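Okay, so here's the structure we're looking at.
The values are calculated or read from the model by the stated rules, or taken from the named source; none is laboratory data. As the structure is a prediction and not an experimental result, all values here were calculated from the model. Quick reminder, even Gly has a Cβ in these numbers, built from the backbone with ideal geometry, and neighbours come from all protein chains shown. Only protein heavy atoms, including side chains, enter the accessible area calculation; ligands, DNA and RNA are left aside. Shrake-Rupley method; radii C 1.70, N 1.55, O 1.52, S 1.80 Å.
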Amino acid sequence: MQQRKINLVSLGCSKNTVDSESLAGKLISEGFSVEFNMEKPLFDFVIINTCGFIDKAKEESINTILEFVNLRQTSNKEFKVIVYGCLAQRYKTELQKELPEIDLLCGIMADKEIIAYIERSVSKTESKTSNKYQIERKLSNAKHYAYIKISEGCDRRCSFCAIPLIKGQHISRPIEDIVNETKSLIKQGVKEIILIAQDTSYYGLDLYGKRRLYDLLKALCKTDIHWIRLQYSYPNQFPIEVLQLMNEQEKICHYLDMPLQHINNNILQSMNRNITSNEVISLIKDIRLQVKDIAIRTTLIVGYPNETKLEFDELKNFVRDIQFDRMGAFTYSKEEGTKAAELEDNITSKEKQRRLDELAEIQQEISFNLNQNKIGKTFETIIDRKEGEYFIGRTQYDSPEVDNEVLIKIEDNPTLQIGEFYNIKIIDATEFDLYGTTA
């Protein structure tokens, strides 16, 4: 029988990437051929893992579904359209009504349903696939790094966030499962793992009765992985003992992704962040005191309901004073069903964008100055890919796809290999890129 081909399109965050890669691994184990983001309609099924977090993500998901529905109508290739994930979980009734062309529509954690549908469609027997991680994931990114989801859902109730409505309560994975998955990924050539969750600092509380991120990291350090990176940590009750482990274990990158969202106390209270401005500032100082060279990345929201000019000015001054190594910012997006949606969204889109641009300009100057200070220094760097006349790499202080990159001229460094580590001396820098050569 001809092997059926599947095109898997993963939208949204890295947590969705993990879900898509896990599903791909299970499909391959069932005898199907799976590729990510195939450009030509040479497939029998397209599976779209949607995102429903903010308006732009919803729009991208809808447009992607429409793109494939229209492609099926205009091409000579007949294929099934399968839609799942966060958007489908949250708006299943609406999608069924507005897009009846979708052949299968299901929410999150739908691997068994999807596999069973595909197998029925090709007259195979009932699926026997389990949801365990022993089945190897098919990596969609470079083969030397991988995201690992250590928990699902969230027990926080931030007023602006719809994730708990979509994903449900926080559920941690056992330490043993995560270690086993890491070992499996190492066998596939992975050298860097990036730990992700809605809130990594909450890890283990539901499963073990206490937070156990420290214990998880310690167990992972015993594997043959080269780098361990920590993302998406909540500032409230951050497990400060993790910082000591960062200093003790070379494998743990001196990097912390901690979305703070805002700094004004009125806004923080309305956001239900359960932390004050002084506590945030004190935490950052403590982190930098304990890990001298740590790179801190944060995410901020501008244009939250009733954010005054003075409150926004406080946010700007906070960014100037703290000098974040990395910063992402978004305009507030009203999410139905959330507590913040009950507030009047009383700041115009134009003003939100103006504030976003102003904040980005401040961070651009900060990034330029911080990068200039790296000129002449040497950093261990992993090579991610080739692009034009450059090898593109990253230091331990940068996460893939969102942070600074190191550009190394292929002509001057022809022997470098993708997925390998090298000592790279920085010879020039811009706001968001470093330029280097082998030391």
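Where only protein heavy atoms count, and the probe is 1.4 Å, what is the accessible area per residue for the chain in Å²?
Per-residue accessible area for the chain comes out at 45 Å².
From the square roots a ≥ b ≥ c of the eigenvalues of the alpha-carbon gyration tensor of the stretch 185-243, which class results: rounded (a/c under 1.5), prolate (a/b over b/c), or oblate?
prolate
Taking the Cα centre of the stretch 4-82 as origin, work out the dipole magnitude from +1 charges on Lys and Arg Cβ and -1 charges on Asp and Glu Cβ, in debye rounded to 20.
Computed about the Cα centre, the dipole is about 160 debye.
Could you tell me how far the Cα centroid of the stretch 382-439 sits from the Cα centroid of the stretch 1-65, in Å?
30 Å
Run lengths n ≥ 4 of DSSP H only: what is the helix-derived mean residue ellipticity at 222 nm for the chain, with -39500 (n - 2.57) per run over all residues, to the nearest 500?
After summing the helix terms and dividing by residue count, I get -11000 deg cm²/dmol.
Which percent of the accessible area of the stretch 306-439 is formed by carbon and sulfur heavy atoms (probe 1.4 angstrom)?
47 percent
Taking amide H positions as placed 1.01 Å from N in the peptide plane, with prolines and chain starts having none, which residues 5 or more places from residue 36, or on another chain, fall under 5 Å of its amide H?
8
Give the peptides 255-262, 317-324 in descending order of average Cβ contacts within 10 Å, highest first.
Top to bottom by mean Cβ count within 10 Å: 255-262, 317-324.
In the full protein assembly as shown, how much of residue 310 is accessible to a 1.4 Å probe, in Å² to the nearest 10?
Rounded to the nearest 10, that gives 140 Å².
If you find the alpha carbon centre of the stretch 200-261 and of the stretch 108-122, how far apart are they in angstrom?
A separation of 35 Å, based on Cα centres.
Which shape class, rounded, prolate or oblate, goes with the stretch 294-439 when its Cα gyration tensor gives a ≥ b ≥ c as root eigenvalues, a/c under 1.5 marks rounded, and past that a/b bigger than b/c marks prolate?
Prolate.
Loop-only GluC sites (Glu not before Pro) in the stretch 63-117, please: DSSP not H, G, I, E or B, and at most 15 other Cβ atoms within 10 Å.
78, 101
Is the stretch 151-294 best put as rounded, prolate or oblate by its Cα gyration tensor, with a ≥ b ≥ c the root eigenvalues, rounded for a/c under 1.5, and otherwise prolate when a/b is larger than b/c, oblate when not?
Oblate shape, in that a/c is at least 1.5 and b/c is the bigger or equal ratio.
By the 4.7 Å beta carbon criterion, which cysteine residues of the chain come out unpaired?
13, 51, 86, 106, 154, 221, 253 - these cysteines have no disulfide-compatible partner (Cβ-Cβ under 4.7 Å) in the chain.
Just to be sure I understand: of the beta bridges DSSP finds with both ends in the chain, what percent are antiparallel, rounded to 5?
35 percent
My understanding is that a pair violates if its Cα-Cα distance is over 31 Å; which of 5/251; 143/222; 15/339 do that in this structure?
Too far apart for the 31 Å limit: 5/251.
Of the candidates 282, 172, 151, which one comes out as most mobile in a Gaussian network treatment of the chain with C-alpha springs shorter than 10 Å?
It is 282.
How much of the DSSP bridge set in the stretch 26-170 is antiparallel, in percent, rounded to the nearest 5?
Here the share of antiparallel DSSP bridges comes out near 0 percent.
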